[in-house]
Amino acid sequence: MIPTSGPVGTSQPESEDDTQYLSQPASPQPGASPEDIIRDFIKAGVGAEDDFAVAREFLTDEASQQWRPTERTLVYTSDPAIFSEGDDTYSVQVGVDSSVDSNGIMTPRTSSPDSVEFTLTREGGGDGEDGSDGEDGEEGEWRIAEAPQGIMLSSTAFSQTFRAHTLYFYDRQHDYAVPDRRWFMERGRDVAAETMRALLEGPAPYLQSAVDSAFPDGAVMTSGPVEGEDGATTIELDSERIAGTTAEERSLMRHQARLSLEGLPEVGDVDLRAGEWTFDGSSSLEALGITHRPEVQSLQVGVHDGRLKLLEGLQTLSIAGLPDISDLEPQAPAMPEAADDVYAFLDGDRETLYHVRPDRSAVSVAEGESLTRPSMDNDGWTWTVSNSDSGATIHAVPYDESLEASPVKVSADWLDGREITSLRIAQDGARAAMVVDDGGERTLYVAGVVRDSEGIPRGVATPMALPTTVDVEQVRWDANDALVVWEPGGVEDEAVQIQRVTLDMTTEDVGDVLLAVRNVSTGEGPDLELMAEAAESSVVTLPGDAWNLDNQDVALHDYAYAG
């Protein structure tokens, strides 16, 4: 089953001016009603100092011992509504925007209300053993005897107390460092320690079958992170789990920890220790053959007069030796970053996928109904999706002729009859972004790409849903942690809003609305210009925050960066 259905919301960061007004949690007030106790307990979730000491004041001693505040954080967008259910039991209904688990994994939630339950009791009143009326007639103060695990924060409080941070794992071939965005509470918490614990726990569910951790299963942190006199951050690991690992594996562990802790406050160069075992970090990731942030070149491939050509800036370049394929009415071309002698395209009916090389005829490599634009990964495979009445079928075809492999249909049982309108493989080859259509309702997902020991695609893991607030049909990778989505305009005056969606679960409109956008081109890399194509190959670019609307006609159309 897909983990989330329907539209999802997003917690947008508040402005810098707002963050200074986050109030300190208040202790229980004498004579407070049960509703006040519950409401103020929820508000006290912002205070993690001393293991949420203020929030625990609202709990009985037994409830405090059982309460685990870091197990879950619910982020709500409307004030909690409290209802008495009788027998000192109260239900709290709240519209939940998202939730964050103990490892910092955020999950968008539907806008339907969540309900949690509290049980209260009186304690500390009079001389009665149970806190009921004593000789002085006092009933005691209300306290929470049973509370749900975790805390609840408003979206404003969440944005002021939590921070997004990136953990890193490796693709199965150990060619790339793959990002895994998490959320950790900064206020009153040891973020570096929580980040390291989450790293040792492993990747988020949508990546579990697609990436590797250099750390062995069951590895635990026994102390740290501690900043030494030399500025290095020392982390001690259980030596029993490290025993038997190779020097190269331990080097990868240190690099993985460095990447994942990089940028955190008061964290210097990471030094791992585990008894007698050493963790050499002198070799760079590049020396180990691992790319941290893969980038694509500025060239694009497009169509001009029935031929595939390249686009550099706004200049059209011919591809030497490429045959005339105009009789196939080529569209939706693609090229890989890892090779410069092979291209893919669809025929005019979107029923056949072709590979074409210089000085060779185009070769049909896959057939299907309503094929999606091909995506060419760096592992030698071209991806497309066919859509029929029975749903989507994901196809992967080898373009690398050195691979001794046949075309495969990639398993994705969670699709369950749904269609895919767009699928793009990230440059790291471990993730697929896609727009899934479920009876006309479209959702943006990112899923791990499952490959066997030879790198052959075998499955697309159960995905993670991402929020969108515009109509979507197409998706492109804009960075290794961000996507661009839009729905092409069907008529000349149809307005199209392009949107950027990050793995932080935030959305941002890209420039102003444009008319009749047919194609958007962007790719992974900080220096690539996002381009939008309208009717008659009129091009607008986004050099900053606003579109350059000067007339920029190019001969090429239907262009795309590598990937």
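Compactness ratio of the stretch 416-560: Cα Rg over 2.2 N^0.38 Å, N = residue count? Please report the intermediate quantities before stating the final value.
Numbers: Rg = 15.7 Å, N = 145, 2.2 N^0.38 = 14.6 Å.
So the stretch 416-560 has a normalised radius of gyration of 1.08.
What is the stretch 269-339's relative contact order, in percent, from Cα pairs under 8 angstrom and six or more apart in sequence?
Details: 62 pairs, mean separation 16.0, N = 71.
Normalised by residue count, the contact order of the stretch 269-339 is 23 percent.
Quick check: at a probe of 1.4 Å, how many percent of the accessible area of the stretch 484-563 sits on carbon and sulfur atoms?
Values: 1450 of 3430 Å².
Carbon and sulfur together cover 42 percent of it.
Tell me, what is the percent relative contact order of the stretch 319-459, built from C-alpha pairs under 8 Å that lie six or more residues apart? Working shown, then result.
Working: 328 pairs, mean separation 21.4, N = 141.
Over the stretch 319-459, the number comes to 15 percent.
Stick to the Cα atoms of the stretch 166-222, pair each with every other, and give me the Kirkwood hydrodynamic radius in Å at one decimal.
Numbers: mean 1/r = 0.0827 Å⁻¹.
Result for the stretch 166-222, one decimal place: 12.1 Å.
Keeping all protein chains in place and using 1.4 angstrom, which order do 269, 347, 175, 50 fall into by accessible surface area, from largest down?
Values: 269 80, 347 20, 175 55, 50 130 Å².
Largest accessible area first, the list is 50, 269, 175, 347.
Just the number, please: carbon plus sulfur as a percent of the accessible area of the stretch 258-363, 1.4 Å probe, no ligands or DNA/RNA counted. The partial results should precede the final answer.
On the way: 2140 of 5140 Å².
So the carbon and sulfur contribution to the accessible surface is 42 percent.
Can you tell me the alpha carbon radius of gyration of the stretch 44-101 divided by the globular rule-of-thumb value 2.2 N^0.38 Å? Present the calculation step by step, with values, prior to reporting the outcome.
Details: Rg = 13.0 Å, N = 58, 2.2 N^0.38 = 10.3 Å.
After normalising by residue count via 2.2 N^0.38 Å, the value is 1.26.
Whole number please: convex hull volume per residue of the Cα set in the stretch 307-376, in Å³?
On the way: hull volume 6.4 nm³, N = 70.
Hull volume normalised by residue count: 91 Å³.
What is the Å³ per residue value for the convex hull set by the Cα atoms of the stretch 205-311? Please report the intermediate quantities before stating the final value.
On the way: hull volume 19.4 nm³, N = 107.
Output value, Cα hull per residue: 181 Å³.
Looking at the stretch 261-355, what % of the alpha carbon pairs are farther apart than 23 Å? Kindly include the intermediate steps, with their values, before the conclusion.
Details: 2267 of 4465 pairs.
Percentage above 23 Å: 51.
Calculate the dipole size of the stretch 418-466 relative to its Cα centre from +1 charges on Lys and Arg beta carbons and -1 charges on Asp and Glu beta carbons; express the result in debye to the nearest 20. Write down the numbers at each step before the final one.
Numbers: 6 positive and 7 negative charges, 21 e Å.
In total the dipole reaches around 100 debye.
Along the Cα-to-C-beta direction of residue 226, a point sits 7 Å from the Cα; which residues of the stretch 171-205 have their amide N less than 19 Å from that point?
Under 19 Å, as judged by backbone N against the label point of residue 226, lie 190-197 of the stretch 171-205.
Sequence gap at least 6, Cα distance under 8 Å: using those rules, report the relative contact order of the chain to the nearest whole percent. Walk me through the intermediate numbers first.
Values: 1395 pairs, mean separation 62.6, N = 563.
About 11 percent, as a whole number.
In the chain, if the dipole is taken from +1 on Lys/Arg beta carbons and -1 on Asp/Glu beta carbons about the Cα centre, which of 308, 27, 282 is farthest to the positive end?
308
If you place +1 on the Cβ of every Lys and Arg and -1 on the Cβ of every Asp and Glu, how big does the dipole about the Cα centre of the stretch 247-291 come out, in debye to the nearest 20?
Working: 4 positive and 9 negative charges, 14 e Å.
Using Cβ point charges on Lys, Arg, Asp and Glu, the stretch 247-291 gives about 60 debye.
With a 1.4 Å probe and all protein chains kept in place, how do 375, 102 rank by accessible area, largest first? Mind showing how you got there, number by number?
Working: 375 0, 102 70 Å².
Ranking 375, 102 by accessible area, largest first, yields 102, 375.
Kirkwood Rh over alpha-carbon pairs of the stretch 268-424, then Stokes-Einstein at 4 °C and 1.567 mPa s: what D in µm² s⁻¹, rounded to an integer? Numbers along the way, then the final one.
Values: Rh = 18.0 Å.
D, rounded to a whole number, is 72 µm²/s.
Any chance you could look up the accessible area of residue 470 with a 1.4 Å probe, heavy atoms only, rounded to 10 Å²?
30 Å²
Roughly how big is the chain's charge dipole about its Cα centre, with Cβ charges of +1 (Lys, Arg) and -1 (Asp, Glu), in debye to the nearest 20?
Numbers: 37 positive and 108 negative charges, 336 e Å.
Here the size comes out at about 1620 debye.
Go through 309, 43 and list them by solvent-accessible area, largest first, probe radius 1.4 Å.
Details: 309 40, 43 120 Å².
The ordering from most to least exposed comes out as 43, 309.
The stretch 283-339: Rg/Rh from Cα coordinates, Kirkwood Rh?
Values: Rg = 15.8 Å, Rh = 13.6 Å.
Rounded to two decimals, Rg over Rh is 1.16.
If you project the alpha carbons of the stretch 505-563 onto their three principal axes, what span does each projection cover, largest first, in Å?
35, 26, 18
Not counting ligands, DNA or RNA, and with a 1.4 Å probe, what is residue 513's accessible surface area in Å² rounded to the nearest 10?
Around 80 Å² of this residue is reachable by solvent.
Please report, for the Cα atoms of the stretch 149-288, the Rg to one decimal and the Dmax as a whole number; what are they, in angstrom?
Rg then Dmax for the stretch 149-288, in Å: 15.4, 47.
Any idea what diffusion coefficient the chain gets from Stokes-Einstein, in µm²/s, Kirkwood Rh on alpha carbon pairs, 10 °C, 1.306 mPa s? Intermediate values should be presented prior to the final figure.
Numbers: Rh = 26.2 Å.
Result for D is 61 µm²/s.
For the stretch 358-454, take N as its residue count and report Rg(C-alpha) divided by 2.2 N^0.38 Å.
Details: Rg = 13.7 Å, N = 97, 2.2 N^0.38 = 12.5 Å.
Relative to the rule-of-thumb radius for its length, the stretch 358-454 sits at 1.10.
Could you compute the net charge surrounding residue 247? Neighbours are other residues with a C-beta less than 14 Å from the C-beta of residue 247; K and R count +1, D and E count -1.
Numbers: positive: 250, 254; negative: 248, 249, 276, 280.
Net charge around residue 247: -2.
Where the centre of each part is set by its Cα atoms, how far does the stretch 252-278 sit from the stretch 486-546, in angstrom?
39 Å
Given a 1.4 angstrom probe, what's the average accessible area per residue across the chain, in square angstrom? Walk me through the numbers on the way to the answer.
On the way: 24680 Å² over 563 residues.
For the chain, the solvent-accessible area averages 44 Å² per residue.
The values are calculated or read from the model by the stated rules, or taken from the named source; none is laboratory data. Since this is a predicted model, take the numbers as computed values, not measurements. We place every Cβ from the backbone using ideal geometry, glycine too, and count neighbours over all the protein chains shown. SASA here: full protein model, heavy atoms, side chains in, ligands and nucleic acids out. Shrake-Rupley method; radii C 1.70, N 1.55, O 1.52, S 1.80 Å.
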